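S.K.: Okay, here's the structure, questions in a sec.
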Amino acid sequence: MGGKFIRHPKLQKFTVTVKDRTHPATAGLPGTFEWEDECYLFEHMNPDVKVLLTANPAQLEDPKRTEEPGELRERVYPLSWYHTFDGGREYYIGLGHKKEHYANPLFRQQILGGILWAMGH
């Protein structure tokens, strides 16, 4: 789906930065928003994915961060992205670990926009 999952720190509040506000999954979102979730860490990211949402690892309570190689420890964590390949479309969002998230219009907009985009609508 774009990278290899390594791990995640505990569920906690952090700021999400919207990197692309023109994609259907993120259109209309504010530039940043506060969120409480697990923040997944990936390595070997496909360089062709277009990142939509990120988190700054420096703001996360993560006792294992110092164990990561410098390039993983210092960069932003991608939380959502999209990709096209050979006529196909892929959308990924790594948020949504609490059932309450699915009642949040901000989150539902991202899921619906991503699904519709992947369907070509």
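S.K.: Can you say whether G94 is surrounded by 10 or more Cβ atoms within 10 Å (Cβ to Cβ), under 17 Å from D20 (Cβ atoms) and either out of contact with any Phe, Trp or Tyr (no Cβ under 9 Å at 6 or more places or on another chain) or modelled with pLDDT of 95 or more (or both), as far as the supplied structure shows?
M.R.: Working: surrounded by 10 or more Cβ atoms within 10 Å (Cβ to Cβ): yes; under 17 Å from D20 (Cβ atoms): yes; either out of contact with any Phe, Trp or Tyr (no Cβ under 9 Å at 6 or more places or on another chain) or modelled with pLDDT of 95 or more (or both): no.
Taking the combined requirement at face value, the residue does not satisfy it.
S.K.: Return the pairs, sorted by first residue and then second, in which the second residue is of a type in the set (D, E) and surrounded by fewer than 16 Cβ atoms within 10 Å (Cβ to Cβ), the first residue lies in segment 3-21 and is closer than 18 Å to P47 by Cβ, the beta carbons are less than 9 Å apart, and the residues are 6+ apart or on different chains.
M.R.: Note: pairs meeting the criteria are G3/E43; K4/E43; F5/E43; I6/E43.
S.K.: May I ask you to list the residues in segment 9-53 that are farther than 14 Å from I93 by Cβ, out of contact with any strand residue (DSSP E or B) (no Cβ under 6 Å at 6 or more places or on another chain) and either buried (at least 17 other Cβ atoms within 10 Å of the Cβ) or of a type in the set (A, V, I, L, M, F, W, C) (or both)?
M.R.: P9, L11, A27, M45
S.K.: Within segment 18-32, is there a residue that is out of contact with any helix residue (DSSP H, G or I) (no Cβ under 8 Å at 6 or more places or on another chain) and within 16 Å of H97 (Cα to Cα)?
M.R.: The answer is no; no qualifying residue exists.
S.K.: I'd like the residue in segment 4-27 that is over 20 Å from Q109 (Cα atoms) and hydrophobic (A, V, I, L, M, F, W, C) and, out of all such residues, is modelled with the lowest pLDDT.
M.R.: I6
Table: residues versus (1) within 11 Å of the chain's Cα centre (by Cα); (2) part of a strand (DSSP E or B); (3) hydrophobic (A, V, I, L, M, F, W, C).
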site	(1), (2), (3)
K10	no, no, no
T17	yes, yes, no
R21	no, no, no
P24	no, no, no
L29	no, no, yes
E36	no, yes, no
D48	no, no, no
L53	yes, yes, yes
A58	no, no, yes
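The values are calculated or read from the model by the stated rules, or taken from the named source; none is laboratory data. None of the values given here were measured: they were computed from a predicted structure. Note that we place each Cβ from the backbone using ideal geometry, even for glycine, and neighbour counts take in every protein chain shown.
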